[in-house]
Every structure is written in C-alpha cells, then in structure tokens.
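**Student:** This structure is in structure tokens; I'll ask about it shortly.
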Amino acid sequence: MIEIDGSFGEGGGALLRVSTALSALTGKAFAISNIRSSRPKPGLMPQHLNAALALAKLSNAEVTGLELGSTQMTFTPDQISGGKLEVDVKTAGSITLILQALIIPSLFADQRVEINIKGGTDVRWAPPVDYLEHVTLPVLNSMGAAVYLEVLQRGYYPRGGGMVRALIEPVEKLKPLKLHDLEVDVIRGISHATKLPPHVAIRQAQAAEKKIHSAGYEVEIEIKSDDNNALGPGSGLVLWSEFKNKSTPRVGASSRGEVGKRAEIVGRQAAEEILSCLSKGAALDKYMGDQIIPYMALTGSSSVRISELTQHTLTNIYAAEKFTDKKFQVDGGLGEVTTITV
C-alpha cells in the first residue's frame, strides 16, 4: 500500500484529491495521514469528503476514515465504472476542485461518465467554473480528452447551491503535451453578477477592458447577469487568452466580487493578473501548471512551460510520482517561470 504524507508541501486538500484520483485510476491502494495538517481546521472538510466519496463510488473502492474531520484515510479501489454520479456538497464547497479530481479517472471508465454536482461555482481558493471550462478543458481536450460542462446555476459563498453537469467520454489514451511559448491575439472573458444590479457585471467588464486595451491587446468580455434562481448574490470575472485557430495554449485569470469591493476593482484585479501572466510568455499560467501534472504523468514524454512554479505544483508532482513510474524534471524555482518535463 502506498503511503502518502498529507503534510507534504502546502499540506492542503490538493494532495488528498490528486492521490485519490490517481489511486482510482491506477488501481493502487494508498493510505494518507496528516490530512490538511497545516490548515486552521485540519482533516476532511465537506468538499474533500465528497470528492473522496464520489471517487470511491466511481472506482468501487473500499475506504476507511471517510468522515468529516478525519486526518487519515485508506483507499482500496477496484474497477472504474462509468454512468451517472450525483454529488451534493451541501455547502459552498468548490465544485471545480471536486471535478478536477473526478475527471482524471473518469476519462478511462468503461463508458461515459455524467456528473451532476451541487456546491460553489465561484468561491475563494478554487478556480471559478468559467476558468475550468475555458482554460482547463481546452488544454485537456487538446490531449484527446472529451469533457463538456454545462453551468446550470451559479453558487456563491456562503449559501452555495450552484449546479453543474459534466459529461466525460472515455478515451483509450491521452496524447503527450508540449507547450512552451504563449501566442495571443485576443483576451476573452465572462463577467457575471447574480441577484445584483446588472451594472455590476458591466462595470467589472469595462474596468478590465480599459486596462487590457491600454496594454495593447484586443479584448472581448461577455456579460452575464440573469441567473435569478441562484440562492444568493455574487459576482466575478474570468479572463483567458486565445490565439486564432488554436485551442491551446491559453492562460487565465479571475477575480471575485465581495461585500464592499467595488466592481471596478474586480475588473482591474483580473486584468492585472492576466497581463502579468502574459508578460512572462509561458504557455500555461500557474493554476494550469498544477492541474496538468497528473495528465503529464499519465502520458509521459510531455513538457510545459508555466508562468510561475507553486508549492501546489510540487505537491502534485509528489503524488504523481507515487502512483506512476514517471519522474519529473523541474527547471526553475518557486515563483519563477519554470519548464516541467516528464
């Protein structure tokens, strides 16, 4: 049984999610201790618990220690089965973080996997759902994956209630990835506001457009402010780069609205983040840099250049090397533009 130290690296939930996903895929059992030991509230929180539960169902696994607050868990998977999965976090826990974990093994199920998940679509410390759809999935689809998202309802902190449907088609294998240099001819985005005056989404977009135009880039931001079925108010802006006739590479950035935070600040923050990333010329941003690690381990012979090496990326490499026979080479230091090869 593979032993995982949950306090490794940033010591958060990512190590649990990636390890469980790769365990489900490879069929290798593992035991993890010190789960989220560096967090103010150590142990499994609702989103981590639901991710592990869904992965256990997907892989028909036997699990111990699967309860709220648990700091250790064992996971012994069996065969991956496709079909429908229903996941309800019952809080504003991140939908995207759970989907990140579920997509990895679902790609290799015996049939299509349909996931209906309730929780938070746009919450702190997690990629917004628009980032997952417009940055993460195009990169994965360029590797041969076929993953589709439908945002049925947005969910914000603290009430959650967001609803997303994901369809994941099975593949025989993924193609290696080689992405180094960034090419950009337009910045696109989505500015959304729910149960707030429509001008909030418009002002977010206008502030971002002004900043991006001043840097010499073309920009097109879609306004969405009509999700009246959401449980609570919220807003945000997600931006991503595109290059005509190419699905990758692309980088992304985002900013969330908060009580007392002006819409113009939301727009400027997202614009400044993506412009900073673009200035480094790397094919992938730091968030995509950690998300792509498990897929690089599965394909081998891959190489990517990321705008900033983070502890999350190193943590995911630790997990990927535990469950596969691949070895990673990291040419760069924390906070630096870095090339990662496997």
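**Student:** What is the distance, in nm, between label points placed 7 Å from the Cα along the Cα-to-Cβ direction at H199 and at S301?
**Tutor:** Using points 7 Å along Cα→Cβ, the separation is 5.8 nm.
**Student:** Averaging the inverse of every distinct alpha carbon separation and then flipping it gives the Kirkwood radius. What is it for the range 208-281, in angstrom units?
**Tutor:** Every distinct Cα pair counted, the radius reaches 13.6 Å.
**Student:** When only C-alpha pairs under 8 Å and at least 6 residues apart count, what is the relative contact order of the chain, in percent?
**Tutor:** Averaging sequence separation for qualifying contacts and normalising by length gives 15 percent for the chain.
**Student:** Hey, which of these cross-link pairs are over 31 Å Cα-Cα: K173/K224; K211/K327; K211/K326; K84/K322; K210/K244?
**Tutor:** Where the Cα-Cα span goes over 31 Å, the pairs concerned are K173/K224; K211/K327; K211/K326.
**Student:** A further question follows. Classify the range 138-266 as rounded, prolate or oblate from the Cα gyration tensor: take a ≥ b ≥ c as the square roots of its eigenvalues, call it rounded if a/c is under 1.5, otherwise prolate when a/b beats b/c and oblate if not.
**Tutor:** The shape class here is oblate.
**Student:** Turning to a different aspect of this structure: So how strong a dipole does the chain carry about its Cα centre when Lys and Arg Cβ are +1 and Asp and Glu Cβ are -1, to the nearest 20 debye?
**Tutor:** With only Lys, Arg, Asp and Glu charged at Cβ, the dipole is about 480 debye.
**Student:** Using only the Cα atoms, work out Rg/Rh for the range 85-164, with Rh taken as the Kirkwood radius, to two decimals.
**Tutor:** That ratio equals 0.96.
**Student:** Could you work out the helix-only [θ] at 222 nm for the chain, with each DSSP H run of four or more residues adding -39,500 (n - 2.57) and the total divided by the number of residues, to the nearest 500 deg cm²/dmol?
**Tutor:** Dividing the helical sum by the residues of the chain leaves -9500 deg cm²/dmol.
**Student:** Taking the mean number of other Cβ atoms within 10 Å as a proxy for protection, how do you rank 192-201, 93-102 from highest to lowest?
**Tutor:** 93-102, 192-201
**Student:** Turning to a different aspect of this structure: I need the Debye-formula profile for the range 1-57: one equal scatterer per C-alpha, no solvent, reported as log10 I(q)/I(0) at q = 0.18, 0.26 1/Å, two decimals.
**Tutor:** With one equal scatterer per Cα and no solvent, log10 I(q)/I(0) is -0.55, -1.09.
**Student:** Turning to a different aspect of this structure: What is the P(r) of the range 128-207, as percent of Cα-Cα pairs per 10 Å bin from 0?
**Tutor:** Taking every Cα pair in the range 128-207, the percentages come to 13, 36, 31, 17, 3.
**Student:** Using unit Cβ charges (K, R positive; D, E negative) and no other charged atoms, how large, in debye to the nearest 20, is the dipole of the range 1-155 about its Cα centre?
**Tutor:** 280
**Student:** Please tell me the relative contact order of the range 11-62 in percent, rounded to the nearest whole number, where contacts are Cα pairs under 8 Å and at least six residues apart.
**Tutor:** Relative contact order for the range 11-62 comes out at 43 percent.
**Student:** Could you put W125, W240 in order of accessible surface area, largest first, with the 1.4 Å probe and the full protein assembly present?
**Tutor:** In descending accessible area the options line up as W125, W240.
**Student:** What shape does the range 70-110 take by its C-alpha gyration tensor, where a ≥ b ≥ c are the square roots of the eigenvalues and a/c under 1.5 counts as rounded, a/b above b/c as prolate, and the rest as oblate?
**Tutor:** oblate
**Student:** Okay, moving on. Show me 16-26, 169-179 ranked by packing, highest mean number of other Cβ atoms within 10 Å first.
**Tutor:** 16-26, 169-179
**Student:** May I pose another question? In a GNM of the chain with a 10 Å cut-off on Cα contacts, which of G332, G155, G216 has the highest mean-square fluctuation?
**Tutor:** Fluctuation is largest for G216.
**Student:** How many angstrom lie between the Cα centre of the range 290-306 and the Cα centre of the range 139-193?
**Tutor:** 17
**Student:** For the chain, with all protein chains present and a 1.4 Å probe, just round the carbon and sulfur fraction of the accessible area to a whole percent.
**Tutor:** On the chain, the fraction of accessible area on carbon and sulfur atoms equals 48 percent.
**Student:** I need the Kirkwood Rh of the range 44-101: take the reciprocal of the average 1/r across all distinct C-alpha pairs and report it in angstrom.
**Tutor:** In the range 44-101 this quantity evaluates to 11.8 Å.
**Student:** Positive end of the dipole of the chain, charges at C-beta (+1 Lys, Arg; -1 Asp, Glu), about the Cα centre: which of A14, S59, M45 has its Cα farthest in that direction?
**Tutor:** M45
**Student:** Explain nothing, just the number: relative contact order of the range 79-175, from Cα pairs under 8 Å at least 6 residues apart, as a whole percent.
**Tutor:** 35
**Student:** For the chain, what is the convex hull volume of the alpha-carbon atoms per residue, in Å³?
**Tutor:** 118
**Student:** I would also like to ask the following. Could you give me the ³J(HN,Hα) list for the range 196-205, computed from phi with Karplus coefficients 6.51, -1.76, 1.60 and θ = phi - 60°, whole Hz, x at Gly and Pro?
**Tutor:** 9, x, x, 5, 5, 5, 5, 5, 4, 5
**Student:** Moving on. Ignoring solvent entirely, what values of log10 I(q)/I(0) come out of the Debye formula for the range 224-342 at 0.21 Å⁻¹ when each Cα is a single scatterer?
**Tutor:** The calculated log intensity ratios at q = 0.21 Å⁻¹ are -1.10.
**Student:** For the chain, with every protein chain kept in place, what is the accessible area per residue (1.4 Å probe, Å²)?
**Tutor:** Spelled out: the 1.4 Å probe surface of the chain, per residue, equals 42 Å².
**Student:** Now for a different question. Compute the convex hull volume of the Cα atoms of the range 1-154, divide it by the residue count, and report the result per residue in Å³ as a whole number.
**Tutor:** 106
**Student:** Dipole magnitude of the range 1-51 about its Cα centre, charges +1 at Lys/Arg Cβ and -1 at Asp/Glu Cβ only, in debye to the nearest 20?
**Tutor:** 160
The values are calculated or read from the model by the stated rules, or taken from the named source; none is laboratory data. Here the structure is a predicted model, which is why all the values come from computation and not from measurement. Neighbour counts are summed over all protein chains in view; Cβ atoms, including those assigned to glycine, are modelled from backbone coordinates with ideal geometry. Please note that ligands, DNA and RNA were not included when accessible areas were found on the heavy atoms of the full protein model with its side chains. Shrake-Rupley method; radii C 1.70, N 1.55, O 1.52, S 1.80 Å.
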